[in-house]
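The structure appears below as structure tokens.
The values are calculated or read from the model by the stated rules, or taken from the named source; none is laboratory data. Bear in mind that the values here come from a model prediction, so they are computed numbers and not experimental data. Quick reminder, even Gly has a Cβ in these numbers, built from the backbone with ideal geometry, and neighbours come from all protein chains shown. With ligands, DNA and RNA removed, areas are computed over all heavy atoms of the protein, side chains included. Shrake-Rupley method; radii C 1.70, N 1.55, O 1.52, S 1.80 Å.
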Amino acid sequence: MRPIRLAALLAAGLLAAALAVPLTPSAPVPAASSAPSGSTKLDCGARVAKPGGGSWTCTMVDNFSGTSLEPSRWLGFSQPGTGDLCILNSPRTISVSNGALRLSAIRTDATTQCPLRADGTRASYASGWATTYRRFGQQYGRFEARIKVQAASAPGLHEAFWLWPDVRYTSDSPWPESGEIDIAETFSSRPDLAIPFLHYSDDQYGGVQGVNTAWNCPSSRGEWHTYALEWFADRLTIYVDGRTCLTNTRGASSYQKPFIINLTQFLGGGSNQYDGQVPLPATMQVDYVKVWR
């Protein structure tokens, strides 16, 4: 079985539309910059050793200690979506409290509705999506998040921590040559795994174990796990709880440019199609996001 990739949503128009043009933001979009403004020295905590010597330098950190998304770092998306799922920036789908970001998939009701589509319809389910779109992007470095997804073993939930080209700096090849780095995708139909996927020209061969994906990275649902990417010009290595999950040394040109960060709680498709067995709302919690160079 192969994962229902984020690319499936691209083909349906959700991600392609979202990242090609500005969406409905939670706050005005600031001027383009590679990192949040401010002169305060960033603190990602304990030093992390860099392969080859030295330590990584902190470039972005969010411990979600406030009561809402920090607008200089994050944007909450809203889009009508396709099928029976939309993306909604609502307190029910995106919230920050008790030191964590919470992204939820919900069934809509009279008070919380999906955006109206051109044909007059609305989706019945809504998902939360937080992104650094037009706020923070970086080429190379270490990207890390500590995440807990909802315990479930029935199909229907699909979460991801992933990177996408920063459209402020590039609008080159069409997907997948444009590149996508899925650091960790989790699926409730596979409750024991986190699945990385690197999308670039090798997509023509499908998912190749140990090259652009891996199916042997333990990550049980309902527990906290740390997912990390170390990204160099000639190598991408993905870790789950400090253990190497996937290393790619192809040096693809798709990864020679800045990328943004995305965190998503979606409902699934294909063999992970939501069938009502998993109670909603279903929530993905994020303890922190840290980036180093």
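Key figures for this structure:
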| read-out | value |
| --- | --- |
| Farthest toward positive dipole pole in the chain [+1 Lys/Arg, -1 Asp/Glu at C-beta], among Gly128, Ser65, Cys245 | Ser65 |
| Counted charge near Ile106, where neighbours are those whose Cβ lies closer than 15 Å (Asp, Glu -1; Lys, Arg +1) | +1 |
| For the chain: relative contact order, % (alpha-carbon pairs under 8 angstrom, 6 or more apart) | 24 percent |
| Inter-centroid distance (Cα atoms) of segment 131-156 relative to segment 218-293, Å | 5 Å |
| Where GluC sites (Glu not before Pro) fall in DSSP loop in segment 185-273, at most 11 other Cβ within 10 Å | Glu223 |
| Ratio of the Cα radius of gyration of segment 109-192 to 2.2 N^0.38 Å, where N counts its residues | 1.40 |
| Lone cysteines, the chain (no partner Cβ under 4.7 Å) | none |
| Inverse mean reciprocal Cα-Cα distance (Kirkwood Rh) of the chain, Å | 19.1 Å |
| Rounded if a/c under 1.5, otherwise prolate or oblate - segment 80-121, Cα gyration tensor axes | prolate |
| Along each principal axis, Cα extent of segment 138-276, largest first, Å | 40, 29, 28 |
| Segment 206-269: relative contact order as a whole-number percent, Cα under 8 Å and 6+ apart | 25 percent |
| Environment charge of Thr57, counting only residues whose C-beta is closer than 10 Å and scoring Lys/Arg +1, Asp/Glu -1 | +4 |
| Whole-Hz couplings from phi, Karplus 6.51/-1.76/1.60, listed for segment 227-237; x for Gly and Pro | 10, 9, 10, 10, 10, 10, 4, 10, 7, 10, 10 |
| Normalised contact order of segment 37-108, rounded percent, pairs of Cα under 8 Å and 6 or more residues apart | 25 percent |
| Accessible surface, the chain, averaged per residue in Å² (probe 1.4 Å) | 41 Å² |
| Surface accessible to a 1.4 Å probe, Leu116 within the full protein complex, Å² | 100 Å² |
| Global geometry of segment 62-106, whether rounded, prolate or oblate, following the gyration tensor of its Cα atoms and the 1.5 cut on a/c | prolate |
| Reduced Cα scattering model of segment 92-155, Debye log10 I(q)/I(0), q = 0.23 Å⁻¹ | -1.13 |
| Amide proton proximity set for Ala194, modelled H, under 5 Å, gap of 5+ | Cys217, Ser219 |
| Phi to ³J(HN,Hα) by Karplus 6.51 cos²θ - 1.76 cosθ + 1.60 over segment 91-103, Hz, x for Gly, Pro | x, 7, 10, 9, 8, 10, 6, 6, x, 8, 8, 10, 10 |
| Share of carbon and sulfur in the accessible heavy-atom surface of the chain [1.4 Å probe, %] | 50 percent |
| Computed helical MRE - 222 nm, the chain, DSSP H runs ≥ 4 contributing -39500 (n - 2.57), nearest 500 | -1000 deg cm²/dmol |
